[in-house]
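Any read-out appearing in this document is the output of simple, stated calculations on the displayed coordinates, not a laboratory observation. Owing to the predicted nature of the structure, the values given are computational and were not obtained by experimental measurement. Note: ideal-geometry Cβ built from the backbone for every residue, glycine included; neighbour counts use all protein chains shown.
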């Protein structure tokens, strides 16, 4: 008892800081848990895989997604998140059987807990690399920086929420090993533990390629820096052996587990952007697009991320640029002192390359912007360290001004992180029509029913309805995605029948907004990135939501459709059923007008869209009843039952 009391007495400040950072990190991330469901789409795919693990029957391939192509291959994905979560579930429930709702509760809470733990780990990273106050700064910013908070919010159940934890823990033990580089009994266990956590990241998340990219650049530059500073061979060897033991153990263990492909992927990533050539510059700016890379050219998160920096990082957006400038200057002009008689710094270059690599990734791709979140926290900690070291020699007034500025920045960071989460809502919570349709599938269709669908809602359909889907968000088989695109733009009844027959389809799911995306369906149907090709640009459709407005005195009813106000009697002149005679001619283009029978929507279609099987089904062309009939409608979402007996 006395030992415990002495421990708390000795380390109470660190314990208090850890608790504060954990509560701050968890509190911000848990805001989103006020909603019933998880965030985004991919977490439902990971949760379904985790459910199979809990039940002890993870299959080789996904039994529900891309059913025609045999499903996504589970073995090609890192499994650790699924088994780790299943283990936590089994241990904490004392071996309880699989419960779908209970497991989702775990998946909703765990990312927020992981995010809070990572924020605490960032405190220890800063503490071991510099000092306690620097660690505090890193931990607080990690707990609040919006881009990182986003990927570790409650319900964002993906590999990165856990993978980041192993990355930071690996950095901590590497730093500890370097600090104790002259004490074999200290540095060797730390190097081994660093390699172990790096290995855990490699089996958790594909982003582990950050490790070789950052560490090799760091090691090479650090050696050059030590040589320039004329550091003795003994010191260089001590640093080198500590680093190489850690890195080689990580490399060997990862290769044994995953094979050598990851090495070529790492090399390919470098050669895609270095050396600086016209081709590589075009690749960075997305000016050079592979005609066959339809997914990369059309999915929003594949776009450049530079234009979203302020949204993702708030005022912290200046930190990486300042840190990348300050670190080289600091290393050049750093002088020996009582703490560091050699006059060198062992960890600033690690932060430098962590920022540089992830900053480049975030600049070139929107989906990588979150990887810069933790490096921003590390960069902020370094700038904090630099400033406080300088202030130690200054008067009290300087320190008071800095304290006020830091307090304002800290409050701003907390506010930015909190506001960011408060402004988010799980997409499925907003998509009530899709909710209703998916639950209808679960209640009203056979368990072996096959759904022909567009990929964007595939994970929801598979998870909630537990039915097979022709495509999903993994986009693991381009054929399924392309075939749905072909169906959407098809004008040939026989071609449409053949596609449905090939997929043995039972039900088709449509969304009213698909009329706005017909050119995209053509891109996927023809599988090309030649967006200006006439066979792509020939499609035009617009869907406008209509809101009823009744004047309080006169009782006159108007509808506001988009930005256009339409009187009720004028709106009801618009046809609701399929027709082949244009309603208007706009700039020499025949336009077909439609409205929903409840006046909730109006549609503007050109001839190319109006001829499609999709448009004819949506607007009840009776001649298509042998293909499919409407089985369910909920707002903008409809489900059609395929008439297999007529095929």
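Residue separation of residue 625 and residue 493 scaled by 0.36 nm, minus their Cα-Cα distance, works out to 46.4 nm of gained length. Sorting the segments 206-215, 389-398 by their residues' average number of neighbouring beta-carbon atoms within 10 angstrom, most packed first, yields 206-215, 389-398. Inter-label distance, residue 16 to residue 419: 3.0 nm, where each label sits 7 Å from its Cα along the C-beta direction. Peptides 427-438, 578-589, 194-205, 355-366 ranked from most to least packed by the mean count of surrounding Cβ atoms within 10 Å: 194-205, 355-366, 427-438, 578-589. Seen against the Cα atoms of the chain and their longest principal axis, helix 348-364 is set at about 10 degrees. Could you tell me how many degrees, from 0 to 90 and to the nearest 10, lie between the Cα long axis of helix 432-444 and the main elongation axis, the longest principal axis, of the Cα atoms of the chain? With rounding to tens, the tilt is 70 degrees. Taking a ≥ b ≥ c as the square roots of the eigenvalues of the Cα gyration tensor, an a/c ratio of 1.5 or more together with a/b no larger than b/c marks segment 82-190 as oblate. For the chain, the mean residue ellipticity at 222 nm estimated from helices alone is -18000 deg cm²/dmol, where every DSSP H run of n ≥ 4 contributes -39500 (n - 2.57) and the total is divided by all residues, rounded to the nearest 500. Computed from label points 7 Å out along Cα-Cβ, the spacing between residue 240 and residue 183 is 2.5 nm.
One chain, two ends: residue 315 and residue 430. Fully extended at 0.36 nm per residue, the span grows by 38.5 nm beyond their Cα-Cα distance. For the modelled label position 7 Å from the Cα of residue 23 along Cα-to-Cβ, which residues of segment 409-435 have backbone nitrogen atoms closer than 18 Å? Answer for this model: 411, 414-415, 418. Cβ-to-Cβ counts within 10 Å put 414, 508 in ascending order as 414, 508, the fewest first. Across segment 431-646, Cα pairs under 8 Å and at least six residues apart give a relative contact order of 21 percent.
Taking all Cα pairs closer than 8 Å and separated by 6 or more residues, the relative contact order of segment 585-633 comes to 23 percent. Relative to the longest principal axis of the Cα atoms of the chain, the long axis of helix 132-144 lies at roughly 0 degrees. Can you figure out the FRET efficiency of residue 75 with residue 598, using R₀ = 60 Å and their beta-carbon distance, to the nearest 0.05? That gives a FRET efficiency of 0.80. Using a Förster radius of 51 Å, what is the FRET efficiency between residue 263 and residue 538 based on their Cβ-Cβ separation? Nearest 0.05, please. So the FRET efficiency works out to roughly 0.65. Need one word for segment 543-647: rounded, prolate or oblate. Basis is the Cα gyration tensor (sqrt eigenvalues a ≥ b ≥ c); a/c below 1.5 gives rounded, then a/b vs b/c decides. Oblate shape, in that a/c is at least 1.5 and b/c is the bigger or equal ratio. FRET efficiency for the pair residue 580 and residue 307, taken as 1/(1 + (r/R0)^6) with r the Cβ-Cβ distance and R0 = 41 Å, rounds to 0.40. Relative protection proxy for 496-504, 369-377, from highest mean packing down: 369-377, 496-504 (other beta-carbon atoms within 10 angstrom). Listed by Cβ neighbour count within 10 Å, with the fewest neighbours leading, 176, 226 appear as 226, 176.
In terms of its C-alpha gyration tensor, the chain has a prolate overall shape, because the principal axis ratio a/c (a ≥ b ≥ c, square roots of the eigenvalues) is not below 1.5 and a/b outweighs b/c.
Counting 0.36 nm for each residue step from residue 394 to residue 557 and taking away their Cα separation leaves a gain of 51.5 nm.
Pairs of Cα atoms nearer than 8 Å and 6+ residues apart set the relative contact order; for the chain it is 14 percent.
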